[in-house]
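Here is the structure we will look at, set down as structure tokens.
The values are calculated or read from the model by the stated rules, or taken from the named source; none is laboratory data. Because the structure is predicted, anything quoted here is derived from the model rather than measured. Here the Cβ positions follow ideal geometry from the backbone for every residue, glycine too, while neighbour counts run over all protein chains shown. Note: accessible area is taken over every heavy atom of the protein model, side chains too, but ligands, DNA and RNA are not part of it. Shrake-Rupley method; radii C 1.70, N 1.55, O 1.52, S 1.80 Å.
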Amino acid sequence: MKKINFLLLGITFSFALQAQQPFVPNYDESKVPAYQLPDPLRNADGTLVSDKAGWVERRAELYTLLANEEFGNIPQWKGTLTFKEVSTRKIFDNKALRREVQLTLSDNGKSILFNLLIFQPVSSKPVPFFLGYNFDGNYTIVSDKDISLPVGWVANDKKFGIADNRAVEAARGSDVSSWPVQEIVARGYGVVTLYYGDCDPDFDDGFQNGVHALYPEPRNNQSWGSIAAWAWGLSRVIDYIQLDHAFSSSQIIVIGHSRLGKAALWAGAADERIAMVVSNNSGCGGAALSKRAYGETVGRINRAFPHWFCDNFKRYSENEVSLPFDQHELLALIAPRPLYVASAEEDRWADPKGEFLSCVAASPVYRILGLPGLPVTEMPLLNHPVMGTIGYHIRPGGHSITLYDWMRYIDFANIHFKR
Ligand code: GCU
């Protein structure tokens, strides 16, 4: 803060110039503060969990802690869901179907629409599948000309000339590399995706639009932010999928990249119908430990995205030491279900080492449930995935989801799903 003094008519005036300092992330391991992680197996009353029954109670306590202090509470869904098949087409030499299904979710006299894009291998029995949001609209993840553009808010993008938050034709197929659907389907897995803005547009609008608009109750410090809203949306898609006999409802894998990886993790914590969770480069507020304050920090994420978490989470901005939990406890909430966390070498903003250490620190919870958790404590080399009940890899390259990542998730699912 800069202090300015000046003299006018014999009186000294003094005021402070409070310039907003640009955020400088720490990428120096030697500057990571000393920290102690809370033990996920220690109850709030100080006693230790020693068996499965104890974990069930502790899990409920931890879930409430993270809901109240980080993501906000998801209101109970009492609304109605209707759906219509919009299109069905044979693809990939008739080996798969591509479908569009529109869901209408209504509550408190308001509705929102989810436009699902579905790829399913032709199979005589229900198939396991990946469920995940896409960032820019279904029309960006395949080049097919007949997939329509989102009608609501999308992020601006100079590359495609998007300056008014409206989707443009030029972005068609722009994100195909993140969704290698042909390769996924060839391995016997389905894919269900939708645009995350269908659920909640990603800007700070005071919670007036998207799913928050269905719940007009006054908000408080523990009310849900956008990440919890996106998690809620995944659960509503699962409500629908359970009616769809093409898919195995005991083999639902929720997947997300980056902010959508944070949402996938919170969905996995909130909805135990999810059989496996994949966090791809989810970073701060996702898989990465906050107390390391490496790369993106709690303060930075709360300032840049004030609508993602609940207001209570802002109390820990620049104050990670006071966090009564850390992100390994979010991972622990997935136990005993398989969980895969992946990092990318150049994605220092998301703190690959913090993501790895978080998996290590979540593992005692798996072990108390008789499962191996992550089978190593040393960070593996690049492209050397490790797979226990927690899987982890770090690959070369930057912040993205690649074919390599997807194929490892399928290897991992094949280990855990008897097929
Ligand atoms: C920003 C944000 C991250 C987030 C990422 C993304 O970089 O700071 O927390 O994960 O966007 O979603 O791509």
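Summary table below
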| quantity | calculated |
| --- | --- |
| Of the criteria (1) closer than 30 Å to A246 by Cβ; (2) surrounded by 20 or more Cβ atoms within 10 Å (Cβ to Cβ), which one Q76 fails | (2) |
| Close pairs (6 angstrom Cβ cut-off, 6 or more residues apart or separate chains): away from the ligand (no atom under 11 Å from the Cβ) in the range 299-315, part of a helix (DSSP H, G or I) and among the small types (G, A, S) anywhere | H307/S226 |
| Filter result for the condition that a residue is in contact (Cβ under 8 Å) with a residue 60 or more places away in the chain and open to solvent by less than 30 Å² (accessible area, probe 1.4 Å), over D107, D51 | D107 |
| Every residue from the range 149-167 that is within 16 Å of the ligand (Cβ to nearest atom), open to solvent by less than 50 Å² (accessible area, probe 1.4 Å) and out of contact with any helix residue (DSSP H, G or I) (no Cβ under 8 Å at 6 or more places or on another chain) | A155 |
| Residue in the range 168-185 that is farthest from F130 (Cα to Cα), counting only those that are buried (at least 18 other Cβ atoms within 10 Å of the Cβ), in contact with a Phe, Trp or Tyr (Cβ under 7 Å, 6 or more places away or on another chain) and touching a residue at least 60 places away in the same chain (Cβ under 8 Å) | P180 |
| Residue count, the range 235-258 (criterion: in a helix (DSSP H, G or I) and either within 16 Å of the ligand (Cβ to nearest atom) or open to solvent by 10 Å² or more (accessible area, probe 1.4 Å) (or both)) | 3 |
| Residues located in the range 197-252, provided they are in contact with a Pro (Cβ under 7 Å, 6 or more places away or on another chain) and β-branched (V, I, T) | none |
| Failed criterion for W349 (all others in (1) open to solvent by 10 Å² or more (accessible area, probe 1.4 Å); (2) away from the ligand (no atom under 15 Å from the Cβ); (3) of a type outside the set (D, E, K, R); (4) in a helix (DSSP H, G or I) hold) | (2) |
| Some residue of the range 277-289 being at pLDDT 95 or above, more than 16 Å from the ligand (Cβ to nearest atom) and over 12 Å from the mean Cα position of the chain (by Cα) | no |
| Subset of the range 374-419 [closer than 24 Å to V185 by Cα, away from the ligand (no atom under 16 Å from the Cβ), surrounded by fewer than 18 Cβ atoms within 10 Å (Cβ to Cβ) and among the hydroxyl-bearing types (S, T, Y)] | Y404 |
| Hits in the range 259-270 - residues which are away from the ligand (no atom under 16 Å from the Cβ) and either open to solvent by less than 10 Å² (accessible area, probe 1.4 Å) or in contact with a Lys or Arg (Cβ under 8 Å, 6 or more places away or on another chain) (or both) | G268, A269 |
| In the range 332-346, residue nearest to Y366 (Cα to Cα) [restricted to those that are open to solvent by less than 10 Å² (accessible area, probe 1.4 Å) and within 16 Å of the ligand (Cβ to nearest atom)] | V341 |
| Qualifying residue in the range 147-154 (condition: within 27 Å of D244 (Cα to Cα), in contact (Cβ under 8 Å) with a residue 12 or more places away in the chain and polar (S, T, N, Q)) | yes |
| Residue within the range 137-148 that is of a type in the set (S, T, N, Q), open to solvent by less than 20 Å² (accessible area, probe 1.4 Å) and farther than 18 Å from H212 by Cα present | yes |
